[in-house]
């Protein structure tokens, strides 16, 4: 493993269990400024977006997610994890949702993030991420604690599917 990447991982591991958005942004800016190499984790799939785990421990997870044109995640939350996403390449479209009193979810708004911009994930975030552009989308994602539970939502009914497991299982 590259020494700069190992140093970045060690920096994240030294953070408190629930780091603030500002601390996470600072870490990602440092990573980008030092040009921490993630090229070996940039892998696309014709079958759907691809999660490429860089590091996972009991404290945090670093994942590089790659989307080809037209690929998107299901509508989901991140269980008990907070996190931050930085766009490394391309343009990320994020659609946010709110739970209604009926138990249904409704789209509230859509926003776009460009190279080196950040999206923060808190405990109430429900979203869908997609790549509506021709260029491949690559994001660097940091989660505290690692993703072990996500809820998948749909727009047709109140059914919620649960995904459980380690980062390497998704």
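Where a number appears in this text, it was derived from the coordinates with a stated rule and is not lab data. Keep in mind it's a predicted model, so treat the numbers as computed, not measured. With ideal geometry, Cβ positions are generated from the backbone for all residues, glycine too; neighbour counts draw on all protein chains shown.
Which three numbers, in whole Å and largest first, are the semi-axes of the equivalent ellipsoid of segment 63-109 derived from its Cα gyration tensor as √(5λ)? It would help to have the intermediate numbers written out before the result.
Values: eigenvalues 111, 40, 18 Å².
Gyration-tensor ellipsoid for segment 63-109: 24, 14, 9 Å.
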For this session: Give the order of 41, 120 when sorted by the count of other beta carbons within 10 angstrom, beginning with the fewest.
Result: 120, 41
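Quickly estimate the mean residue ellipticity at 222 nm for the chain, helices only: each DSSP H run with n ≥ 4 gives -39500 (n - 2.57), and the total goes over all residues, rounded to 500.
After summing the helix terms and dividing by the residues of the chain, the value is -4500 deg cm²/dmol.
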Exercise. Between segment 124-139 and segment 37-85, how many Å separate their Cα centres?
Worked result: 10 Å
Seminar exercise, completed: Relative contact order of the chain (C-alpha contacts under 8 Å, at least 6 apart) in percent is 26 percent
Exercise. How big is the equivalent ellipsoid of the chain along its three axes, where each semi-axis is √(5λ) from the Cα gyration tensor, reported in whole Å from largest to smallest?
Worked result: 25, 18, 15
Problem set entry | Using alpha-carbon coordinates, inclination of helix 21-33 to the longest axis of the chain, degrees | 50 degrees
Exercise. So what's the angle, to the nearest 10 degrees on a 0 to 90 scale, between helix 3-13 and the longest Cα principal axis of the chain?
Worked result: 50 degrees
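For a footprinting-style exposure proxy, rank 123, 24, 5 by other Cβ within 10 Å, fewest first. Mind dumping the intermediate values first?
Values: 123 10, 24 23, 5 19.
Ordered by Cβ neighbours within 10 Å, fewest first: 123, 5, 24.
Using Cβ counts within 10 Å as a stand-in for footprinting exposure, how do 92, 86, 150 rank, fewest first?
Ranked by crowding around the Cβ, least crowded first: 150, 86, 92.
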